[in-house]
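Here the structure is laid out as structure tokens; the discussion comes afterwards.
The values are calculated or read from the model by the stated rules, or taken from the named source; none is laboratory data. In this text the structure is predicted, and so the values were computed from the model without any measurement. So basically every Cβ, Gly included, is an ideal-geometry build from the backbone, and we count neighbours across all protein chains shown. Only protein heavy atoms, including side chains, enter the accessible area calculation; ligands, DNA and RNA are left aside. Shrake-Rupley method; radii C 1.70, N 1.55, O 1.52, S 1.80 Å.
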Amino acid sequence: QGEECIEEISSHIERHLGKIETIFHEIVSDTVHIDVHWVKPNERFPFVRLVTSGMSDLPMATPDGHDAPRYMELMISLQADWRIDDESFKDESWYWPVRLLKVLARLPHKFSTWLGFGHTVPHGDPPEPYATNTAFCGSIILPSVSVPEGFHKLPISPDKEITFYSVVPLYAEEMNLKLRKGTDELL
């Protein structure tokens, strides 16, 4: 498997979010080949956007009778001055969002499961910060916000529609609140 819809996804990203500065291609992949598209801040969206492609090459194992999307790609938004370059990526303090996207994009396929609205994924057990410069130690999957209406879904064929969700990093207290009281209370 590898990059079945990369051209459609790339066109979709550029149509809705802005020009793709570069695509970080994986050299070695297991399960699915995950690439990460980088969109620089622009007038409409004054922050860095990183968007996966490859997660949607395979359907997720959604429960029978559940209307959750079977094909998904993920996006994370970062502050405008986030360092996106090979030298900075040698430091986990700058690379962790890319690693997080790749780990989450593979998770459903490696473990025959699925991701959907409100799912939280801790970073380890017990959860540990993604890097030494952050206290974020987990994330939640939510519909993408601050995007044009047409960005959320990309029809590929009659039986395949890709849904774009956002990965929102969480602090331990936020994850605990969500686990105790639910996604609505957290939001």
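Some observations on this one:
- Net charge of Cβ neighbours under 13 Å - reference H16; Lys, Arg +1; Asp, Glu -1: +1
- Burial order of peptide ranges 22-28, 98-104 (average beta-carbon count within 10 Å, highest first): 98-104, 22-28
- Cα shape, region 35-101, gyration tensor, a/c 1.5 rule: prolate
- Normalised per residue, the accessible area of the chain is 52 Å², obtained with a 1.4 Å probe and no contribution from ligands, DNA or RNA.
- Relative contact order [Cα under 8 Å, 6+ residues apart], the chain, whole percent: 19
- Anisotropy class of the chain from Cα gyration tensor, a/c 1.5 cut: rounded
- Span-like helix check, the chain: qualifying full DSSP H segments, with Cα axial length of 20 Å or more and mean Kyte-Doolittle of -0.5 or more, are 92-110.
- The mean sequence distance of close C-alpha pairs (under 8 Å, at least 6 residues apart), as a share of the length of region 114-187, puts its relative contact order at 29 percent.
- Shape of region 2-77 from the C-alpha gyration tensor: oblate (a/c of 1.5 or more and a/b not above b/c, with a ≥ b ≥ c the square roots of its eigenvalues).
- Cross-link pairs exceeding 31 Å in C-alpha to C-alpha distance, out of K90/K181; K40/K181; K90/K110; K90/K160, comprise K90/K181; K40/K181; K90/K160.
- Potential extension, Y95-Y171 segment - 0.36 nm per residue separation minus Cα distance: 25.6 nm
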